[in-house]
Each structure stands twice: as C-alpha cells, then as structure tokens.
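The values are calculated or read from the model by the stated rules, or taken from the named source; none is laboratory data. All values derive from a computational prediction rather than experimental measurement. Don't worry about glycine lacking a Cβ; one is built from the backbone with ideal geometry, like all the others, and counts go over all protein chains shown. Heads up: the accessible areas ignore ligands, DNA and RNA and are worked out on the full protein's heavy atoms, side chains in. Shrake-Rupley method; radii C 1.70, N 1.55, O 1.52, S 1.80 Å.
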Amino acid sequence: MEINEIRELAQGEIQKAEEASKGIQDAVALNLFKSSYLGKKSVLSSLYPKLKEIPSEQKKEFGRVLSQMREELEKILKSAQDRIEEEQLRLKMEKKKVDITLPGYFENVGSLHPYQAVVRDITDFFLGLGFTIADGPEVETDENNFERMNIPKDHPARDMQDSFSIGEGIVLRSHTSSVQARVMEESKGEMVKVICPGKVYRRDNDATHSHQFGQVEGLVISPNATFANLLEILTLLLRHLFGEKREVRFRPSYFPFTEPSIEADISCFECGGKGCSFCKNSGWIEILGAGMVHPNVLRLNGYDDKKMQGFAFGLGIDRVAMLKYGIDDIKKLYEDDVDFLSQFRKE
Ligand code: FA5
C-alpha cells in the first residue's frame, strides 16, 4: 500500500467521523462511535498491521499519519462528549431552576446562653485585674457553708439563706462564700485574690429568685486591702457590665461574714427607677452583697487578723443577665425555650 493511499484513507475516515459525530445525542451513541472509529475493528486499527507492507523509508511517515489520524478522531470524540455533557447540564438546570432572588437558608449554629455570656464577661473582667479562679463543690459541708463563715448553728442569720439539707452536716451550698473557707484553708495565712463562679441553691421562688442560681464570689486578702479598694473594684465591674448610664447605689447591709457590709443595687431595667411591680416599687434591683472580711472569719480560717485584712463580695449571675438583657422572669433562664434563647443569637 502506498503512503498516499493511506493519507487519503485517513482523511476520508476523519471526514466520515466528523459527519457521524453530529448525530450523537447520548452516551450509548457516543460509545458506539468510539468503538467504530477507535476500537479494535476500526479502520484505524486495521491500518497498523499494514506497516509490514510499507517500504522502510516510508515507515516513519506512515507512523506519523496514523498518530495524526488517531489524534483527530479522539478530538472529534471529545468534542461530541463535551457537547452531550453540556446539553445534559443545560436540561438539568432547566428542570431545577434557581430563583436567586429568594432569601437563603440560615443554619442555626447556636450561641452562648445569656447566663454563660455573663459568666464569661465577669470572669474576663477579673482575670484582667490579676484575679485567679477558685472552685468548690456544690454539695458542701455545713461547716464550710455556714460555721467557718461565722454563722454558727442556731444563729438567726441562717434564716437569711434557707438552704437544702441533704444529710447530717451536708447541704447544697447556699452561696459561693463556702469557697472562701476552702481557699483560706489552702492559702495558709498567705495573700489571696480569687473569684469563684458557680451554682448555689436556696428555698426561693419568685420572678427574681430561683431555687438554683449562679453567684460569683470574690475574695481578696492582704495586709492592706481596704474598703475603698472594694468600692473601686465593684464600681468598675458594674460600669463594665451595665455601662455608664445605669445608676448604681451602694447601701449599708448586714452579713455575718463581713463587717462593715454593703449591698449594691442597679436601677430597674423595667421602669428605669420610677418604681414598678418588678422592682417592688423601689426602682432598684439588688445585685450583690459585699464587705470587709469579718475578723472572726479570718481567725476561723487560720489567718492572723492583726496582720491580714480582706474584702469579699458575692454577685448574682442571673440578676446580671436579667438586668443586662431585660429578662422579666428568672425562670426563663432555665427553661431551654429556643424561641426565647434565639433572641441572644449573634448573627
Ligand atoms: C450572699 O449570698 C452573700 N454570700 C454575698 C456576700 C459575699 C456578701 C461575700 C459579702 C461578702 P445574698 O444572699 O444577698 O448574699 O446574695 C447575693 C446575690 O445573689 C444577691 O444580690 C442576688 O443578686 C443573688 N441572689 C440571691 N438570692 C437569689 C435567688 N434566689 N435567685 C437569684 N439570685 C439570687
């Protein structure tokens, strides 16, 4: 066979393939085309054995013609394949038309519970002032919860915190002040600067009082901790939590474990201080108790009250959340109502 004949044959085959490819509409026809023009029984495959008949000086050219022929046929096959795929995609998109003006779907990824957001905020504030975090159990001894806080058995102050007794000498802690006793015992007369966030339990139940709630205790002991330091820290904290506009007032109070003692109130979020049923017409909502650590407490917990003095405070976490976010019933913080909680989601 002459090389020219082969060239013509290849050309003819390529033209035939080009024509045939126009009719290909689906994958079955595409496969058929592939086996007809590139398969074992194709003209292309039948030409390879002819190499033997070709004079040796034309063998190179023969090889070039065949590989060109294969390349062309493959190109035709590829463009038919692309055309079919494009057509299939077009049909699919036509069936599944997307209206790009519709609003998207939003995944609810959740967010911090307002209670937890307040805990983190308060904790960050105190870590920034060089406090460390102390911890204690919710099931506590009567001794740590009361006696070492200068509240002996039968002391009338026990009525201030109606606690849950769960066994002989064991209670659910009624305040985080129980951690004060633990920290002082561990610190063995040395300086202290801690906060302790945690859950506490009391027999209470109304819109601002729950049987289970959170407190953050603070305790500083050093030879020169003063009442002025305490007021300064609490003022900074309350300004940090509620901003400059919310009114804060400190008033004298009584706790068996501090002397002098104070309480802090924030102007009511509901009535802005005018007086309403929520704040029991006072215009204020109590947020924390504080004072200078009572010398008895220092002595009861291994400190020399002539050398060391201290201040302490206990802040209601739920109350902060209520005042900050305008929540009118403390129970909403415990109900796991997603509609209510999603208000606090950060978009
Ligand atoms: C105490 O619990 C003291 N241990 C605080 C303290 C610590 C004083 C250190 C001095 C030194 P009180 O019972 O007032 O104090 O509670 C403190 C705060 O907890 C209150 O101001 C209030 O914000 C919150 N609180 C009290 N009872 C409840 C309750 N039932 N539900 C929700 N929050 C409460």
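So here's what we get for this one:
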{"item": "Helix-only CD estimate at 222 nm, as mean residue ellipticity for the chain, using -39500 (n - 2.57) per DSSP H run (n ≥ 4)", "result": "-12500 deg cm²/dmol"}
{"item": "Accessible-area value, ASP336, 1.4 Å probe, nucleic acids and ligands omitted, Å²", "result": "120 Å²"}
{"item": "For region 144-291, accessible area per residue (1.4 Å probe, heavy atoms of protein chains only), Å²", "result": "47 Å²"}
{"item": "Ellipsoid equivalent to region 121-160 - semi-axes via the Cα gyration tensor, in Å", "result": "29, 12, 9"}
{"item": "Selected from ASN145, ASN301, ASN281 as most flexible by GNM, with the chain as the system and alpha-carbon contacts under 10 Å", "result": "ASN281"}
{"item": "Per residue Cα convex hull volume in Å³ - calculated over the chain", "result": "309 Å³"}
{"item": "For region 144-258, alpha-carbon Rg and Dmax in angstrom", "result": "15.7, 48"}
{"item": "Accessible surface, per residue, of region 19-120 when the full set of protein chains is kept, probe 1.4 Å, Å²", "result": "78 Å²"}
{"item": "GLU147 versus ALA207: modelled label distance in nm, points set 7 Å from Cα along the beta carbon direction", "result": "4.2 nm"}
{"item": "Accessible surface of region 133-287, 1.4 Å probe, proportion on carbon and sulfur as whole %", "result": "50 percent"}
{"item": "Lysines whose Cα lies under 26 Å from that of LYS331, excluding same-chain neighbours fewer than 8 positions away", "result": "LYS199, LYS274, LYS280, LYS346"}
{"item": "Mean projection area, nm², convex hull over Cα of region 1-84", "result": "5.0 nm²"}
{"item": "Protein accessible area in region 55-103, 1.4 Å probe - carbon and sulfur %", "result": "56 percent"}
{"item": "Size of charge dipole - the chain - debye, nearest 20, with Cβ of Lys, Arg +1 and Asp, Glu -1, no other charges", "result": "1020 debye"}
{"item": "Sequence-separation-based contact order of the chain, relative, with Cα cut under 8 Å and 6+ spacing, percent", "result": "15 percent"}
{"item": "Distance from region 20-43 to region 80-125 (C-alpha centre basis), Å", "result": "42 Å"}
{"item": "Rounded D (µm²/s) - region 248-347, Kirkwood Rh over Cα pairs, Stokes-Einstein at 10 °C, 1.306 mPa s", "result": "101 µm²/s"}
{"item": "Qualifying lysines (Cα of each under 28 Å from Cα of LYS307; at least 8 residues distant if same chain)", "result": "LYS188, LYS193"}
{"item": "Whichever lysines have a C-alpha closer than 29 Å to that of LYS75, once near sequence neighbours (fewer than 8 apart) are set aside", "result": "LYS16, LYS22, LYS34, LYS40, LYS41, LYS50, LYS52, LYS59, LYS60, LYS92"}
{"item": "Cleavage-rule hits (trypsin sites (Lys or Arg not before Pro)) in region 155-250: DSSP loop, at most 13 neighbouring Cβ within 10 angstrom", "result": "LYS188, ARG203, LYS245"}
{"item": "Distance in nm between pseudo-label sites at THR226 and PHE250 (7 Å out along the Cβ direction from Cα)", "result": "1.2 nm"}
{"item": "Angle in degrees between helix 227-242 and the longest Cα principal axis of the chain, rounded to the nearest 10", "result": "40 degrees"}
{"item": "Nearest 10 degrees, 0 to 90: helix 27-38 Cα axis against the chain principal axis", "result": "50 degrees"}
{"item": "On Cα atoms only, tilt of 59-95 relative to the major axis of the chain in degrees", "result": "50 degrees"}
{"item": "Descending semi-axes in Å of region 94-165, equivalent ellipsoid built from Cα gyration tensor", "result": "53, 18, 10"}
